[in-house]
1. Could you check the stretch 33-66 and list, in sequence order, the residues that are outside any helix (DSSP H, G or I), open to solvent by less than 50 Å² (accessible area, probe 1.4 Å) and over 19 Å from MET153 (Cβ atoms)?
2. Filter the stretch 67-114 for residues that are at pLDDT below 75, surrounded by fewer than 19 Cβ atoms within 10 Å (Cβ to Cβ) and of a type in the set (A, V, I, L, M) and give the result.
3. When the stretch 165-199 is examined, which residues are found to be touching a residue at least 24 places away in the same chain (Cβ under 8 Å) and under 30 Å from MET79 (Cα atoms)?
4. Hey, GLU264 hits all of (1) on the phi < 0 side of the Ramachandran plot; (2) assigned to a loop (DSSP other than H, G, I, E, B); (3) open to solvent by 10 Å² or more (accessible area, probe 1.4 Å) but one; which does it fall short on?
5. Just checking, does the stretch 232-240 include any residue being open to solvent by 30 Å² or more (accessible area, probe 1.4 Å), among the hydroxyl-bearing types (Ser, Thr, Tyr) and either within 17 Å of VAL269 (Cα to Cα) or at pLDDT 85 or above (or both)?
6. Looking only at residues that are open to solvent by 10 Å² or more (accessible area, probe 1.4 Å) and among the hydrophobic types (A, V, I, L, M, F, W, C) in the stretch 347-369, which one is farthest from ILE295 (Cα to Cα)?
7. Only one of these is at pLDDT below 90, of a type outside the set (Phe, Trp, Tyr) and either surrounded by 21 or more Cβ atoms within 10 Å (Cβ to Cβ) or under 30 Å from the mean Cα position of the chain (by Cα) (or both): ILE314, ILE331. Name it.
8. If I go through the stretch 380-390 residue by residue, how many of them are part of a helix (DSSP H, G or I) and open to solvent by 40 Å² or more (accessible area, probe 1.4 Å)?
Amino acid sequence: MKNYFAGLLKYIYNLEGKIAFYPTLFSLFGLAISFATYHAESLGISSYLFENIPQLVINRTDTALNILTTFIAGLISIMVFSFSMVMVLLNQASSNFSPRVLPGLISNKRHQKILGIYNATLLYCIFTLVQIEPNQEKYQLPGFSVLLAIGFMTICLAAFIYFIHSISQEIQVNNIILNIYIKAKNRIEKLIISEEKHSDSFVSTDQWNSYKTELTGYMQDVVLDLLLDFAKTNNCKFEVIAIKGNFVFKDEILFKSDTKLTEEQLKRVHSFFRFSNSQRIEENYVLAFKQITEIAVKSMSPAINDPGTALICIDYLTQLFSVRLNKKDQIVLCDKNDSLVKVNSVDFKALLYSVITPIRTYSKHDTIVVLKLFKLLEVLYKDAKSNYKTSIKEEVVTLYNDAKNSIENTTDLDKIETAYLQF
């Protein structure tokens, strides 16, 4: 039962990230309001308003019909314009920055809610229009429903103005990088807090039983609480070999166990692993490093030629790495004093290499970008643990050699030499 509810909560969490989630939710809400007002009309709410506040009630059939049909046509035009604008901006973001940033822009909850407001109002107006009969008397007209339609349309116009402002801000590279940075930073800090109760030691697993994956795709998540409960209940230990966020091929080793599992146990353990064809920064902070790195590399291409964006990316990468320094390279879950589950993750050395290498390769001829990379490594070197300093020093030497071989100006070389000697 616990496994079922954990899977259900995970499904709902993933569903919330879909672009159609909030529009569908708001649309159902709009339908519910239309039926509720239909019931209120049958109780005589419009006639009551006409007798007490006649200024607020539409009492002519043709006027009500014209208002609702105008609202419906206007909302469709607004939705088409908004959709076209989003497509143009997404194409621009994909061309200038990286295709990997598109899921983050598409899944923006504010824009989804605005689209939901449009859909809800459109459905409400359509169902209200159906209620009006050509020969109805003024006391029988759904004046209250039309009044609500006017109010909802006003909200739509305000939402449209906000949408124009928001989408123009979202597409700016500074805001794109900032949003990626904030999501990754929150995720890393959450992991650091959870690791405070974890152990650092674990027994050797060289002789353990290895079990392969039955699926192919990105390993999105492991339900660690359920895996730990299973280990305690069945008196066994696990090491998760596959790294979260990496693409796992079929028949690749997924995890190890110190005991041989039965078919039923193996099937249950496999259910704790979640695979997906997509990734989210909220679940895999490494994706943020990849996206910011891709934006930096793309900005240094001859087609874009925007070193300023690369410098901004390196600044945010410096801050992310500074937070990452406080995270462990592996997670060990314990029951009292006994370590039961070990989960491998991308270690600091591999992460640093995957970020520095592409930027260094495409920017080694640019003195300013090279000096900024030296600054990144200098900041990390000062705050790093002793076992991380060796990895940072290796990147410093590689960066220095590449820059020295690519830059010929003596003044620039002197500055690079000075930056190198800081280590």
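The values are calculated or read from the model by the stated rules, or taken from the named source; none is laboratory data. Owing to the predicted nature of the structure, the values given are computational and were not obtained by experimental measurement. Quick reminder, even Gly has a Cβ in these numbers, built from the backbone with ideal geometry, and neighbours come from all protein chains shown. SASA here: full protein model, heavy atoms, side chains in, ligands and nucleic acids out. Shrake-Rupley method; radii C 1.70, N 1.55, O 1.52, S 1.80 Å.
1. GLY44
2. LEU102, ILE106
3. SER166, ILE167, GLU170, ILE171, VAL173, ASN174, ILE176, ILE177, LEU178, ASN179, ILE180, LYS183
4. Here GLU264 meets the rest and fails (2).
5. Yes, some residue in the stretch 232-240 is open to solvent by 30 Å² or more (accessible area, probe 1.4 Å), among the hydroxyl-bearing types (Ser, Thr, Tyr) and either within 17 Å of VAL269 (Cα to Cα) or at pLDDT 85 or above (or both).
6. Within the stretch 347-369, the match that is farthest from ILE295 (Cα to Cα) is ALA350.
7. Of ILE314, ILE331, the one residue that is at pLDDT below 90, of a type outside the set (Phe, Trp, Tyr) and either surrounded by 21 or more Cβ atoms within 10 Å (Cβ to Cβ) or under 30 Å from the mean Cα position of the chain (by Cα) (or both) is ILE331.
8. Selection size over the stretch 380-390: 7.
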